[in-house]
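Okay, so here's the structure we're looking at.
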Amino acid sequence: MHAVGALESGLCRYVLISYGQSARSGNSMMRMLYHMTRNDDAVYGHFGAAGGYALAARRAMHEFGTGPETWKQIAVGQRAWANRNPRAIMADQELTEESYMASKYMIEPFRLFDNCLMNDGGRAVILTSVERARDLRHPVVSIMGLGQHNPSSDLATADFLAGPTGAKRAGEAAFAMAGISRNDIDACQIYDCFTYTVEITLQDYGFFGPGEGKDWFSGGTIAPGGRMPVNTSGGQLSEAYYMGLTPLSEAVMQLMGRCGKRQLGPETSTKSPGIILCSDNGGILQAHACYILRRI
Amino acid sequence: MADMTKPVPQLNADNRPFWEGCREHRLKIPKCSSCGYLRWPPAFLCPKCLSAENEWINACGTGRVYTYAVYHIAPYPAFKESLPYVVAMVTLEEGPRMMTNIIDCDPAGIYCEMPVEVSWDDITEEISIPRFRPLQ
Ligand SMILES: [Zn+2]
């Protein structure tokens with residue numbers, strides 16, 4: 001959003017958005033997570049993002065009956081995409097619903113495969129005006145709509161821990177700016193620090209009602225060949241974690257048609273994408289950005 | 001990072017009365033003198049009316065489990081000996097939701113909205129931690 005402001009106001013002509021980390025070989029990610037909860041909550045052993053999202057997911061299980069039967073379909077669907085992406089960390093490892101259910105609990109209710117990856121690496125995108133982008137060698141992808149909403153800064157003061165999260169109003173704002181509806185969306189790239197994050201985000205965007213995710217995801221809805229492909233690189237669960245740049249870069253690459261074996265369209269028995277919805281997320285579901293991209 | 005001792009409360013101007021109350025086995029919550037809102041976590045300004053005035057009331061020590069997470073891994077090495085342990089948010093009778101642990105209970109038997117009561121854990125002469133157990 002800041003990048004759009006900088007371009008629109010003429011402060012600059014190109015904006016590079018980048019992210020890099022050494023979460024596997026170094027300890028930067030653990031340090032960040034450690035400091036995130038290094039307050040009175042740490043006295044009780046509460047830790048990092050996983051602890052907070054586990055609390056939110058448990059409340060959601062109570063309020064609208066979600067759980068591993070829903071989340072396994074997300075983990076398995078995204079893994080099938082990763083298996084078509086040579087850059088994905090999990091490219092060569094298949095995941096079945098049985099192996100998901102058999103994996104061990106980390107911070108319950110989350111099992112191993114509900115958690116995103118911790119990896120080294122980086123990712124970047126470049127923003128410029130449509131006019132300048134037309135001179136470049138790839139198809140132009142433009143931003144149709146943006147929205148942000150940050151309902152709370154702290155778990156204790158979050159009125160709706162099981163939703164609606166910030167995704168609800170951020171999504172409404174992005175759709176209003178784009179002037180389109182959910183029916184116009186060809187695919188989604190959703191921030192997926194945990195499987196549950198994908199469910200609550202799509203639910204708050206209105207793709208299904210509270211607790212209806214189990215049915216909505218069933219039958220491979222989000223997997224290759226499905227009617228609403230989600231996280232087509234494998235996402236943060238199965239490709240690699242680069243914060244909001246995992247979903248954003250994949251949306252741009254798909255719209256440009258640069259995705260090889262996982263390219264949306266005839267290659268994967270899905271609709272050729274014209275419009276893709278993306279999300280980014282911060283805190284414990286309490287900071288949210290939604291953006292809608294299109295190929296022009 | 002390789003800290004082998006469990007984190008202890010870090011006292012500051014906001015939370016000092018709370019932890020001093022814990023030492024006397026009293027669960028103290030700041031109440032806004034202007035609008036009556038119970039501020040949790042303790043804060044200098046009221047999030048509802050921005051008043052800086054408050055008094056500390058004693059919570060009765062019972063509540064219900066709002067949500068909980070069962071740790072099967074120990075992100076803090078010092079908690080390894082406690083696995084599996086339960087971190088929970090408990091909605092106090094008076095309204096605020098606080099982070100705590102659920103103890104004296106099989107994790108598989110815990111559920112959202114389960115009635116609980118405070119149980120004091122005197123970890124040193126100076127520090128008592130409020131944990132919660134099923135209401136007896
Ligand atoms: Zn007040």
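Taking the residues in region B:108-123 that are free of Cβ contacts under 8 Å to residues at least 40 places away in the same chain and more than 12 Å from the chain's Cα centre (by Cα) as candidates, determine which candidate is least open to solvent (accessible area, probe 1.4 Å).
To start, the set of residues in region B:108-123 that are free of Cβ contacts under 8 Å to residues at least 40 places away in the same chain comprises B:108-109, B:119, B:121-122.
Narrowing the set further to residues that are more than 12 Å from the chain's Cα centre (by Cα) leaves B:108-109, B:122.
Working: B:Ala108: 89, B:Gly109: 39, B:Asp122: 87 Å².
Only one residue fits best here, namely B:Gly109.
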Exercise. In region A:35-48, is there at least one residue being at pLDDT 95 or above and touching a Gly at 6+ places or on another chain (Cβ under 7 Å)?
Worked result: no
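Only one residue in A:Glu108, A:Glu98 is among the acidic types (Asp, Glu) and open to solvent by 50 Å² or more (accessible area, probe 1.4 Å), so which one is that?
On the way: A:Glu108 fails: open to solvent by 50 Å² or more (accessible area, probe 1.4 Å).
Of A:Glu108, A:Glu98, the one residue that is among the acidic types (Asp, Glu) and open to solvent by 50 Å² or more (accessible area, probe 1.4 Å) is A:Glu98.
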Seminar exercise, completed: Output for Cβ contacts, cut-off 6 Å, separation at least six or different chains, first residue assigned to a loop (DSSP other than H, G, I, E, B) in region A:1-27, second open to solvent by 40 Å² or more (accessible area, probe 1.4 Å) and at pLDDT 80 or above, reads A:Ala23/A:Met118; A:Arg24/A:Met118; A:Arg24/A:Asp120; A:Ser25/A:Asp120
Exercise. Can you find a residue in region A:69-79 that is of a type in the set (Val, Ile, Thr), crowded, with 21+ Cβ neighbours inside 10 Å and within 12 Å of chain B (Cβ to nearest Cβ)?
Worked result: no
Exercise. Considering A:Ala167, A:Ala176, which residue is in a helix (DSSP H, G or I) and under 30 Å from A:His46 (Cα atoms)?
Worked result: A:Ala167
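Say whether the condition of being of a type in the set (A, V, I, L, M, F, W, C), closer than 26 Å to A:Asp41 by Cβ and more than 14 Å from chain B (Cβ to nearest Cβ) is met by at least one residue in region A:115-124. Spell out how you get there, then give the answer.
Of region A:115-124, the ones of a type in the set (A, V, I, L, M, F, W, C) are A:116-118, A:124.
Subsequent filtering for residues that are closer than 26 Å to A:Asp41 by Cβ retains A:116-118.
Next, only the ones that are more than 14 Å from chain B (Cβ to nearest Cβ) stay: A:116-117.
Yes, region A:115-124 has at least one match.
Search region B:42-72 for residues being free of Cβ contacts under 8 Å to residues at least 24 places away in the same chain and open to solvent by less than 60 Å² (accessible area, probe 1.4 Å), and hand back the single one that is nearest to the other protein chains (Cβ to nearest Cβ). First the steps, then the outcome.
Initially, region B:42-72 is screened for residues free of Cβ contacts under 8 Å to residues at least 24 places away in the same chain, giving B:45-53, B:69, B:71-72.
Next cut, open to solvent by less than 60 Å² (accessible area, probe 1.4 Å) only: B:46, B:49, B:51-52, B:69, B:71.
Working: B:Cys46: 12, B:Cys49: 15, B:Ser51: 17, B:Ala52: 18, B:Ala69: 4, B:Tyr71: 5 Å.
Checking each candidate, the answer is B:Ala69.
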Exercise. Hey, among B:Ala69, B:Ala88, which residue is in contact with a Ser or Thr (Cβ under 8 Å, 6 or more places away or on another chain), more than 16 Å from the ligand (Cβ to nearest atom) and outside any helix (DSSP H, G or I)?
Worked result: B:Ala88
Exercise. Can you tell me which residues in region B:73-87 are at pLDDT 95 or above and either open to solvent by less than 50 Å² (accessible area, probe 1.4 Å) or away from chain A (no Cβ under 14 Å) (or both)?
Worked result: B:Tyr85, B:Val86, B:Val87
For this session: Those residues that are surrounded by 14 or more Cβ atoms within 10 Å (Cβ to Cβ) and without any contact (Cβ under 8 Å) to a residue 40 or more places away in the chain, I need them from region B:1-32; list them, please.
Result: B:Leu11, B:Asp14, B:Asn15, B:Pro17, B:Phe18, B:Glu20, B:Gly21, B:Arg26, B:Lys28, B:Pro30, B:Lys31, B:Cys32
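Which count do you get for residues in region B:19-34 that are within 16 Å of the ligand (Cβ to nearest atom), of a type outside the set (Ser, Thr, Tyr) and in a loop (DSSP other than H, G, I, E, B)?
To start, the set of residues in region B:19-34 that are within 16 Å of the ligand (Cβ to nearest atom) comprises B:29-34.
Of the ones still in play, those that are also of a type outside the set (Ser, Thr, Tyr) are B:29-32.
If we keep only those that are in a loop (DSSP other than H, G, I, E, B) too, we end up with none.
Matching residues across region B:19-34 total 0.
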For this session: Kindly indicate which of A:Gly260, A:Gly235 is of a type outside the set (S, T, N, Q), at pLDDT 95 or above and surrounded by 24 or more Cβ atoms within 10 Å (Cβ to Cβ).
Result: A:Gly235
Exercise. Using beta carbons and a limit of 6 Å, which pairs, at least six apart or on different chains, have the first residue in region A:201-230 and farther than 19 Å from A:Ala57 by Cα and among the hydroxyl-bearing types (Ser, Thr, Tyr) and the second one modelled with pLDDT of 95 or more and open to solvent by less than 30 Å² (accessible area, probe 1.4 Å)?
Worked result: A:Thr221/A:Met228
Exercise. Take the residues of region B:35-57 that are within 15 Å of B:Ala13 (Cα to Cα) and of a type in the set (Phe, Trp, Tyr): which is farthest from the ligand (Cβ to nearest atom)?
Worked result: B:Trp56
Exercise. Within region A:112-170, can you find the residues that are in contact (Cβ under 8 Å) with a residue 24 or more places away in the chain, aliphatic (A, V, I, L, M) and open to solvent by 70 Å² or more (accessible area, probe 1.4 Å)?
Worked result: A:Ile126, A:Ile143
Exercise. Among the residues of region A:186-198, is any away from chain B (no Cβ under 14 Å), farther than 29 Å from A:Asp92 by Cβ and touching a residue at least 24 places away in the same chain (Cβ under 8 Å)?
Worked result: no
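The values are calculated or read from the model by the stated rules, or taken from the named source; none is laboratory data. These figures come from a predicted structure and were not determined experimentally. Note that each Cβ is placed from the backbone with ideal geometry, even for glycine, and that neighbours are counted across all protein chains shown. With ligands, DNA and RNA removed, areas are computed over all heavy atoms of the protein, side chains included. Shrake-Rupley method; radii C 1.70, N 1.55, O 1.52, S 1.80 Å.
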